[in-house]
Amino acid sequence: MGCTNKECRMKWEGQRESDNVEDDRGAGGGRGGGGLPIGGRGLGLGGIVIALLVSWAFGINPMTVLGLMEGGGGVLSPAEQRERPTGRTTGDKPQDAAGRFATVVLADTEDVWSAYFARAQKPYEMPRLVLYDGRHATACGTGEAAMGPFYCPGDRKVYLDLSFNNTLSQRLGAPGDFAQAYVIAHEVGHHIQNLLGTSAKMEAARGRVSEREYKALSVRLELQADCLAGVWAYHSQKGKGWLEQGDIEEALNAASQIGDDTLQRQAGRAVVPESFTHGSSAQRVAWFKRGLEAGEMKLCDTFRSGSV
């Protein structure tokens, strides 16, 4: 059954909220603002061309974008370390609707992936979600709202400035609850890759392959995270039944709107496939759908797929 209103509303109220959340919003320091999801898995795999396109399109300082994208694993200065608290008291949860929604989605990823790993007789180490505004010290360098949501393998945390929801809806044309849930699930997908050693293999390849080859690997890593988000959605819906057809369409639309080719067109630039770091809109939709339709992680091996 489809949705009758413009945006679908997931039936998330009353669902379990995760305890693995640090609500650092309003903790001081930094500037606000939305952005684009470029640095998905540790702030170091994005392409310079895409960074510049995003800067031109949204008025972001290119050095802000490039500095964060190339700052993976950087050591924080003492000033940066003092800039923000590392998190609030354990158990302190968001009270606003947007924050609570994010904690519910994270909780459901915990349930799905814990059960999935248990079936494979493996433990699942849950990531933490940090809600912040402006900028925030991470093990991967200083994260900024302009970069959009990202995952840092150094501290195994997903960082999210909730102002990105407005960017997703208003600037990128991808409104709706499940579009926002897809973004969180994608970043948790990068956490899965980190646990399985895929991210480490990518970093090891950085100095052994050409820049063009590395970008191609980056695309496969991102598409795999999209597929893993689809696997989560399959099992989440099977367990809770909290989605309608329109919710799935929201996620597919979000995947399409943040394809590299679509972002380049929005920036008024020519589409340059060689510069892609996340995959085209068609690729992102296709791999999300693959995970969504089958619910099997083994079908998300983009690295062994002849073409993506």
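The values are calculated or read from the model by the stated rules, or taken from the named source; none is laboratory data. No experiment lies behind these values; they were computed from the predicted model shown. Positions of Cβ are generated from backbone atoms using ideal geometry, with glycine treated the same way; all protein chains shown enter the neighbour counts.
With the structure loaded, tell me whether Q245 is under 23 Å from A181 (Cβ atoms) and either surrounded by fewer than 18 Cβ atoms within 10 Å (Cβ to Cβ) or without any contact (Cβ under 8 Å) to a residue 12 or more places away in the chain (or both) or whether it fails that test. Yes; evaluated as a whole, the condition is true for this residue. Looking for something farther than 27 Å from Q266 by Cα and of a type in the set (G, A, S) - is there at least one such residue anywhere in segment 117-132? Yes. Within segment 194-212, does at least one residue satisfy the condition of being closer than 19 Å to A102 by Cα and buried (at least 20 other Cβ atoms within 10 Å of the Cβ)? No. Cβ-Cβ contacts under 8 Å between residues 6 or more apart (or on different chains), taken from a first residue in segment 117-128 that is touching a residue at least 24 places away in the same chain (Cβ under 8 Å) to a second residue that is part of a strand (DSSP E or B) and crowded, with 17+ Cβ neighbours inside 10 Å, are listed as P127/Y151; P127/K157; P127/V158; R128/V21; R128/E22; R128/K157; R128/V158. Looking across segment 260-280, just one residue is modelled with pLDDT of 80 or more, crowded, with 18+ Cβ neighbours inside 10 Å and out of contact with any Leu (no Cβ under 9 Å at 6 or more places or on another chain), and that is S280. Filtering Q121, Q180 for residues that are within 25 Å of K240 (Cα to Cα) and under 16 Å from the mean Cα position of the chain (by Cα) leaves a single hit, Q180. Filter segment 147-171 down to residues that are modelled with pLDDT of 95 or more and among the basic types (K, R) and give me whichever is nearest to R135 (Cα to Cα). Once the filter is applied, the top-ranked residue is K157. Of all the residues that make up segment 101-158, how many are surrounded by 20 or more Cβ atoms within 10 Å (Cβ to Cβ), of a type outside the set (G, A, S) and touching a strand residue (DSSP E or B) at 6+ places or on another chain (Cβ under 7 Å)? Count: 19. Annotation: K201 fulfils all but one of (1) among the basic types (K, R); (2) more than 24 Å from F164 (Cβ to Cβ); (3) modelled with pLDDT under 90; the unmet one is (3). Note on segment 220-235: residues that are closer than 16 Å to F117 by Cα and surrounded by fewer than 24 Cβ atoms within 10 Å (Cβ to Cβ) amount to 2.
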